[in-house]
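The values are calculated or read from the model by the stated rules, or taken from the named source; none is laboratory data. Predicted model only: the values in this text are computed from it and were never measured. Using ideal geometry, Cβ is built from the backbone for each residue, glycine included, and neighbour counts are taken over all protein chains shown.
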Amino acid sequence: MPGPDVVVIGGSAGGIKALRGIFETLVDVRNTVVLVVLHRAPQYRGLDRVLQGYTAIPVNEPTASPWACSTGEVTLAPAGYHLLVGNERNPSTEPATPVEQYETGSAVRAHLTLDPPILHSRPSLDALFSSAAQLVNSVTAVLLSCASDDGARGCEDVKAGGGRVVLQDPDTCEAAVAVNAALRRVEPDHVADPAGIGRWLSGMGG
């Protein structure tokens, strides 16, 4: 598939601790676009600074929409917004029409929306994962500890779109509801504790 690899990561209760474990062993994302959604209330800001304390990989919250997602960086969903991803649109070489023609490129852009919460959450794991499933890029969805089913349907969409699904080992989750729901829907490509997920992502499955 063209363009950079894309890794989408989502979690809720226990997700910050799990993400820290991933960051401790995730050593090389220079050619990868990484996007993260963690459930939080709209007033809970400053998570980017917390996560930045766990990794040398730059962590950025979009301040505009659309937002160009750079390789080698983490794009974090802002509090109170759904984070969706899509590919760039390149002008077509065909003659102009009333609706301008375009071709899908391989660069990745983030979009913020105020659509209604999904499973009581905004940002939503499903919203990010399901949008990523539509990318032309190679996509890997990573579902971490979470106390609702959010993320399970998105994992199914990624798998159906030809992507890969990585799940946190339920035995290491603070809340294994989402991971167990995903296990009922898909055959994961890898299951591990957070440190193992980081190592797997560093080699993209070896």
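Among the candidates Val6, Val36, which residue alone is assigned to a strand (DSSP E or B), modelled with pLDDT of 95 or more, among the aliphatic types (A, V, I, L, M) and touching a Cys at 6+ places or on another chain (Cβ under 9 Å)?
Of Val6, Val36, the one residue that is assigned to a strand (DSSP E or B), modelled with pLDDT of 95 or more, among the aliphatic types (A, V, I, L, M) and touching a Cys at 6+ places or on another chain (Cβ under 9 Å) is Val6.
List every residue pair whose Cβ atoms lie under 7 Å apart, where the two residues are 6 or more positions apart in sequence or sit on different chains, the first residue falls within the range 186-206 and is surrounded by 16 or more Cβ atoms within 10 Å (Cβ to Cβ), and the second residue, located anywhere, is basic (Lys, Arg).
Val186/Lys159
Looking at (1) assigned to a helix (DSSP H, G or I); (2) surrounded by 22 or more Cβ atoms within 10 Å (Cβ to Cβ); (3) touching a Pro at 6+ places or on another chain (Cβ under 7 Å), find the lone condition where Gly21 falls short.
(2)
Do any residues in the range 51-69 that are in a loop (DSSP other than H, G, I, E, B) have Cβ atoms under 7 Å from those of residues that are basic (Lys, Arg), where the two are at least six apart or on different chains, and which pairs are they?
Note: pairs meeting the criteria are Tyr54/Arg20; Pro66/Arg109; Cys69/Arg109.
Does Val27 satisfy being within 22 Å of Ala176 (Cβ to Cβ) and of a type in the set (A, V, I, L, M, F, W, C)?
Against the criterion (within 22 Å of Ala176 (Cβ to Cβ) and of a type in the set (A, V, I, L, M, F, W, C)), Val27 does not qualify.
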